[in-house]
Amino acid sequence: MSKIRILPENLSNQIAAGEVVERPASVVKELVENSIDAGSGRIVVEIEQGGKKSIRVFDDGEGMTRDDALLSIERYATSKISEAKDLFSINTLGFRGEALPSIASVSHFSVLTKSRLENSGTKIEVKGGTLLDVKETGAPDGTDIRISHLFFNTPARRKFMKAETTEMGHISEVISCLALSSPEIYFRLSHNKRILKEWPGGKFSDRALEVLGSDFKNLLYEVSNEYMDVKVTGFAGSPDITRSTPSKIYIFVNNRYVMDRSISYAVYQGYEGRLMKGRYPGCVLFINLPYDKVDVNVHPAKHQVRFAEPGIVMSCVKRAIANALLAEDRVKWKSKPLALKVEPHKKESLVFPGAVREKSSGSQASFPSFGETKSLTIKDSNLNFSRENIFPEKINKSSWESLPKIEEKDETSFKYESVDQDEKKGLNQNDFLYSDLFIVSQIKNTYIICESMDGMILIDQHAAHERIRYESLLRSYEKNMGRAQQLILPQVIEPGVKESSKLLLMLEEFKKFGLEISHYGGNSFAVQSVPLILGDIDFKPLILDVASMFKELPSTYEIKKVIYDAIALIACHGSIRGNQKLDSREIKALFQALDKCENSSRCPHGRPIWIKLDWDFIEKSFKRKL
């Protein structure tokens, strides 16, 4: 007797159900996708006890005739495809013909349906894959499917179902995804006869905000990019609003929700330099491309897809996100108050009230005051407004060698000797400039308080300087024009074995931005030169930190991404720190250099450089406004 046998159809359906029907949310997904494919304008989902007791999905779609209804519960019966070539041009959510028979094989199943072309409907009842009853009956146009006692004949599967609230959470997430893909359709979800959520048909932007959450209001940036046959649209959330998990990243390929790691990675690349480690953004992306350029038949639950040209798709997604966030990268405040503006034709320098006017010389420049004032001498010894009190003594000179030096052209005009024409192209042309801010003071020797027309601005000096140095090093690397300073005595470092093997691969890349390291043999390396921009700092711990980054690298990685991360770490080490006093000229130089940055709102690690307290918020806090 042969050991190999053909399984009974009912058992085959139960095995198929193990792939398609993982939990109640899987049932809801398959049924709602069928409703969408049927051209429904209204879909209602009713759940009891998290789907353990019953699931009901009804719609106002085109419905089915009696013959089609009977065929729908047969395995591999579908209206979506008819021949092999159709698998490569699938434009519907369902296509295999597995869902209904698989669900019916592990539940008490009934379907009431009526085609728009017929006067009466059909009701079919199935229990555990066995057909119990078929009859003609009155029914509205559309389809009404009821599932109860899910997994009643597969106790092992029922045993692994989670708590009611957990299962309901998964169902809610499924409906949210499907509602996003079809904003024109009305959706309603209820649990234990109580309506949990309604999604009225309307604009996609409203639907996206409903699903992402109210904290994204006014913080969604429109995404639009097209390259060759690939088009990416949707919304990217501000990096200021993040989650600890990627649960708010919604990706759709030809209107099908997918969970694709490669696309998610492209999204993270688009957000690069804007998110802190371990934080995830919120976004809704629709990727549209010819149906024959994507294979959706690669996963039992159709959660994953395969692209014919994945590189083009990933590049398009990354660029779409990055372009959308350009507005986020720029500062957002109106120019300094009119009363504080310095007219360029005035030659009279301005000073802080109470400060003694001093004649500038060399590269030193007078600092604009709180207003147009004359030089005064304050006799009251209790009032001391000297610059030293407002902006204390200078920091170590080496920390500022990365900043362009100020040359006094006249008493109200500043010029940067180290900024070339290419760098000037990055200057923001609107009024949102750091150099437009009126500088008030420095607090905790870490944060700079400034005033704009629409609020108070707080600036983190370390994050600001880190961004300036990062972009300077990055330009040097990309142009292979890193300016280096030779060390009189090379610094010898000895990283671990794993770090050393990866460090060897990076040595030529490091030279591009001025970091030259020689291999002495074994685990020994000598640092010969470092980027000039870093000034006089202790390089040994810095290079060891860079080397330690390589310990966590996966077996496959992008060298360019690793170099960018290394540059960010180097920029962080070489920047001014918190609790470091700055004087007025240093702050002014910092701001003017920051205006040249492509992303002047965040440090390379995603921390904000500035925050704004609106005047409305301040006045309401003091009860000046109600």
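The values are calculated or read from the model by the stated rules, or taken from the named source; none is laboratory data. All figures in this text were calculated on a predicted structure; none of them were measured in a lab. Backbone-built Cβ (ideal geometry, glycine too); neighbour counts: all protein chains shown. With ligands, DNA and RNA removed, areas are computed over all heavy atoms of the protein, side chains included. Shrake-Rupley method; radii C 1.70, N 1.55, O 1.52, S 1.80 Å.
Laid out as a table, the results:
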item	result
Selection from region 134-170 of residues that are out of contact with any Gly (no Cβ under 6 Å at 6 or more places or on another chain) and aliphatic (A, V, I, L, M)	Val134, Ile145, Ile147, Leu150, Ala156, Met161, Ala163
Neighbours by Cβ (under 7 Å, 6+ apart or cross-chain): first from region 227-254, on the phi < 0 side of the Ramachandran plot and open to solvent by less than 40 Å² (accessible area, probe 1.4 Å); second among the hydroxyl-bearing types (Ser, Thr, Tyr) and assigned to a loop (DSSP other than H, G, I, E, B)	Pro239/Tyr271
Residue identified as within 20 Å of Arg56 (Cβ to Cβ), assigned to a strand (DSSP E or B) and small (Gly, Ala, Ser) among Ser110, Ser172	Ser110
Residue selected from region 430-447 under the condition in a strand (DSSP E or B) and farther than 19 Å from Lys596 by Cα, by the criterion nearest to the chain's Cα centre (by Cα)	Tyr447
Residues within region 188-207 that are in a helix (DSSP H, G or I) and crowded, with 21+ Cβ neighbours inside 10 Å, tallied	1
Failed item in (1) in contact (Cβ under 8 Å) with a residue 24 or more places away in the chain; (2) assigned to a helix (DSSP H, G or I); (3) out of contact with any Ser or Thr (no Cβ under 6 Å at 6 or more places or on another chain); (4) open to solvent by less than 30 Å² (accessible area, probe 1.4 Å), with Ile459 passing the rest	(2)
Filter result (touching a Lys or Arg at 6+ places or on another chain (Cβ under 8 Å) and within 24 Å of Phe286 (Cα to Cα)) within region 160-175	His170, Ser172, Val174, Ile175
Qualifying residue in region 150-162 (condition: closer than 21 Å to Arg42 by Cα, open to solvent by 80 Å² or more (accessible area, probe 1.4 Å) and part of a loop (DSSP other than H, G, I, E, B))	no
Filter pass, Glu226 being closer than 24 Å to Tyr291 by Cβ, part of a strand (DSSP E or B) and either at pLDDT below 95 or touching a Leu at 6+ places or on another chain (Cβ under 8 Å) (or both)	yes
For Lys217: the one exception among (1) in contact with a Gly (Cβ under 8 Å, 6 or more places away or on another chain); (2) under 28 Å from Leu325 (Cα atoms)	(1)
Selection status of Asp133, touching a residue at least 60 places away in the same chain (Cβ under 8 Å) and surrounded by fewer than 22 Cβ atoms within 10 Å (Cβ to Cβ)	no
Unique residue being surrounded by 13 or more Cβ atoms within 10 Å (Cβ to Cβ), within 15 Å of Pro541 (Cα to Cα) and in contact (Cβ under 8 Å) with a residue 24 or more places away in the chain when the list is Glu499, Glu509	Glu499
Enumeration of residues in region 34-63 that are surrounded by fewer than 20 Cβ atoms within 10 Å (Cβ to Cβ), charged (D, E, K, R) and assigned to a strand (DSSP E or B)	Arg42, Glu46, Glu48, Arg56
Count of region 106-157 residues which are under 43 Å from the mean Cα position of the chain (by Cα) and basic (Lys, Arg)	2
Conditions (1) at pLDDT 90 or above; (2) open to solvent by 20 Å² or more (accessible area, probe 1.4 Å); (3) of a type outside the set (Phe, Trp, Tyr): number failed by Ile185	(2)
Answer residue from region 496-511, given it is modelled with pLDDT of 80 or more and in contact with a helix residue (DSSP H, G or I) (Cβ under 6 Å, 6 or more places away or on another chain) and is farthest from Ala526 (Cα to Cα) among those	Glu509
Residue in region 339-355 that is in a loop (DSSP other than H, G, I, E, B), within 30 Å of Asn34 (Cα to Cα) and at pLDDT below 75 present	no
Among the residues listed as Lys620, Lys581, Lys540, the single one being over 33 Å from the mean Cα position of the chain (by Cα) and modelled with pLDDT of 80 or more	Lys581
Boolean, Gly514 is open to solvent by 10 Å² or more (accessible area, probe 1.4 Å) and modelled with pLDDT under 85	no
Residue in region 306-318 that is at pLDDT below 70 and surrounded by fewer than 21 Cβ atoms within 10 Å (Cβ to Cβ) present	no
Residue among Asn218, Asn297 that is surrounded by fewer than 16 Cβ atoms within 10 Å (Cβ to Cβ) and touching a residue at least 40 places away in the same chain (Cβ under 8 Å)	Asn297
